[in-house]
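Enquirer: Take this structure, written in structure tokens, and hold onto it; I'll ask about it next.
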Amino acid sequence: MQESNEHSRLTSKTWRDAPRQEKRGIRRALALLWRGACLRCPRCGVRSLFRTWFAMHERCAVCGLRFEREQGYFLGAIYINYGVTVVLALLGSFALEYWTRPSLAQQLVLWIGFCTVFPVLFFRHARGLWLGIDALFDPRTAEEPEHKGRLG
């Protein structure tokens, strides 16, 4: 019988032959999440996710993974952003209270400002992490590129 050649690099330049994550288990999961957090395509790690600060590319030019999907797809990214913001604000508030004992007014000004600015700064990373989580749990999602020559 012929042995499968799954782990060899393909020389063709089509979207199907783009470099893919060949690791399995924890290493694969960490690689996908790291790529997302670094604002790179979770599947191949080559292309940047964003054109501008808020506008994403529609898909990866290297591997064909769709970044922009249906409306509501990035709801999970909103939850990630909210969760990280709340955890950091709570931990920071408790640490600040323990070591410096600021007044309530000082705490409110500081943490309202933080909870307003941080989600805007973390927005891109939350979307990248969400794409990494999606690629981790459903690696075949949005695999086929749209056919440009369709009739109708």
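Please treat every number below as a calculation from the coordinates, not as lab data. Just so you know, these numbers come straight off a predicted model, no measurement behind them. Note that each Cβ is placed from the backbone with ideal geometry, even for glycine, and that neighbours are counted across all protein chains shown.
Enquirer: Non-local amide H neighbours of Phe50 (under 5 Å, H modeled in plane, Pro and chain starts lacking H): which ones?
Expert: His57
Enquirer: Which one of Trp34, Leu65, Trp53 is farthest out on the positive end of the charge dipole of the stretch 20-71, using unit charges on Cβ (Lys, Arg +1; Asp, Glu -1) and the Cα centre as origin?
Expert: So the residue furthest toward the plus end is Trp34.
Enquirer: Can you give me the P(r) profile for the stretch 58-126? Cα pairs, bins 10 angstrom wide beginning at 0, each as a whole percent.
Expert: Whole-percent P(r) values from 0 Å outward: 18, 36, 23, 13, 9, 1.
Enquirer: Moving on. For the stretch 38-127, what does the relative contact order come out to in percent, with C-alpha contacts under 8 Å and a separation of six or more?
Expert: 27
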